[in-house]
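The values are calculated or read from the model by the stated rules, or taken from the named source; none is laboratory data. Owing to the predicted nature of the structure, the values given are computational and were not obtained by experimental measurement. Please note: Cβ atoms are built from the backbone with ideal geometry, for glycine as well, and neighbour counts cover all protein chains shown. We work out accessible area using only protein heavy atoms, side chains counted, and drop any ligands, DNA or RNA first. Shrake-Rupley method; radii C 1.70, N 1.55, O 1.52, S 1.80 Å.
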Amino acid sequence: MDNIHLALVLHDQSGHYSKYVGTTLLSVFENMSVYNHSSICVHIFHDDTLTKENKEKFEELVYGYNNKIVFHKILMTDIICHGIDITIIKKNVERITIGALYRLFIPNILKNIEKVIYLDSDVLVNIDIRTLWNEDISEYYAAVVSDDKDMAKMYVDTKYYRNMGIDYRAYFNAGILLLNLKNINLNIDFSKESMKLLSVCTKFSDQDVLNALLKDKVKFIDKKYNLLIDLQKGSDEKLAKQIKTKAVLHFAGYLKPWNCNNSDVIKLYCSYLIKTPWIRMQNDLIECLSFAAEENYQKINLKNSLLYKEKDGSFEIFTMLLLKAILSNDVFYRIQKKLRYSKIQFLYNYIYKNS
């Protein structure tokens, strides 16, 4: 059987994020055609934050679908050995997790593999992944999908990008990539060159690096392979239509399926999540749904993710904003998490008893 190679990255400081990577993987496995006799080899690029327990759950998930998994550990020395100042690394990961930078090591580490599909962890694959795998990229470095046009016009049509030779009309989103590793490794010392670019690519960090290095030889493919969904801006009607699309659903932006308030998105996401080894009992799901993601720890982001489009009236909004103003980040986070947990537990038990 031919192997389809998938690459995902993981930095899981809290221990909670691994389940989201696992959910992305499960969505791939669940949507493979029964007539598709290819097996999948999963490559997880991780650091010391991957726990033994989460590693075993990844193995259980992947082996349960008769696929393969390989773990590739990235060390900080792998990054700073290229002469990059650690302060530059910290500056580049203010908006994202450092795990996002690990995909810059994929070509060098997988140098004996011809091609690989890279997936972000805020993705649900709602198509047979082989359709993406079969894209002809023999003459390219990668197959990509254009980024949101409005976003590109606003942020990329600037002197910053023009100085790097990047045309905003050809700027791509790096959340889903089909990489031709053979062509890349023949022409670019990818890790070395990408680490150099990190010192100047400070706006969208690793995505800017990928655009700068691959810009001359990318194949733009159908947007169904990276359907961008903004949970903060999209109307409920639009979101309901988008998530039914046969596509690779990419929930880019602050809000994610695990911390948004759209019932259709939550139901879809949980339909995959509950099939992973991370959900054994009812309380596992309650805990998961009540957990605010790592990037939303800061109070302002908690406000965006937990209070946005609040429908319960102004009193609750006023109360939470007041608490946000007078409490420390840590105390506010713990109170919000407890309230969120209790609310979800109550609603879950109510629905369960009345179903």
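Considering only residues in region 1-50 that are aromatic (Phe, Trp, Tyr) and in contact with a Phe, Trp or Tyr (Cβ under 8 Å, 6 or more places away or on another chain), the one that is nearest to residue 61 (Cα to Cα) turns out to be 29. Selection over region 213-240 of residues that are open to solvent by less than 20 Å² (accessible area, probe 1.4 Å) and in contact with a Gly (Cβ under 9 Å, 6 or more places away or on another chain) gives a count of 3.
Considering only residues that are among the hydroxyl-bearing types (Ser, Thr, Tyr), surrounded by 15 or more Cβ atoms within 10 Å (Cβ to Cβ) and in a loop (DSSP other than H, G, I, E, B), look in region 139-167 and name the one that is farthest from the chain's Cα centre (by Cα). Among those residues, the one meeting the criterion is 140. Hey, any hits in region 196-206 for a residue that's of a type in the set (Asp, Glu), within 21 Å of the chain's Cα centre (by Cα) and open to solvent by 70 Å² or more (accessible area, probe 1.4 Å)? Taking every residue of region 196-206 in turn, none turns out to be of a type in the set (Asp, Glu), within 21 Å of the chain's Cα centre (by Cα) and open to solvent by 70 Å² or more (accessible area, probe 1.4 Å).
With respect to being aliphatic (A, V, I, L, M) and in contact (Cβ under 8 Å) with a residue 60 or more places away in the chain, residue 44 falls outside the description. Listed by first and then second residue, the pairs with beta-carbon distance under 9 Å, at least 6 apart or on different chains, first residue in region 1-28 and hydrophobic (A, V, I, L, M, F, W, C), second open to solvent by less than 10 Å² (accessible area, probe 1.4 Å) and assigned to a loop (DSSP other than H, G, I, E, B), are 4/129; 6/129; 7/110; 9/74; 21/12; 25/276; 26/276; 28/129. Could you say whether any residue in region 259-270 is charged (D, E, K, R), touching a Leu at 6+ places or on another chain (Cβ under 9 Å) and open to solvent by 10 Å² or more (accessible area, probe 1.4 Å)? Scanning region 259-270, I find at least one residue that is charged (D, E, K, R), touching a Leu at 6+ places or on another chain (Cβ under 9 Å) and open to solvent by 10 Å² or more (accessible area, probe 1.4 Å), so the answer is yes. Applying the criterion of at least 1 residues that are under 17 Å from residue 105 (Cβ atoms) and modelled with pLDDT of 95 or more to the helices (runs of 4 or more DSSP H) found wholly in region 174-230 leaves 181-187. The residues listed here are 217, 241, 182; of these, the one that is among the charged types (D, E, K, R), out of contact with any His (no Cβ under 7 Å at 6 or more places or on another chain) and free of Cβ contacts under 8 Å to residues at least 60 places away in the same chain is 241.
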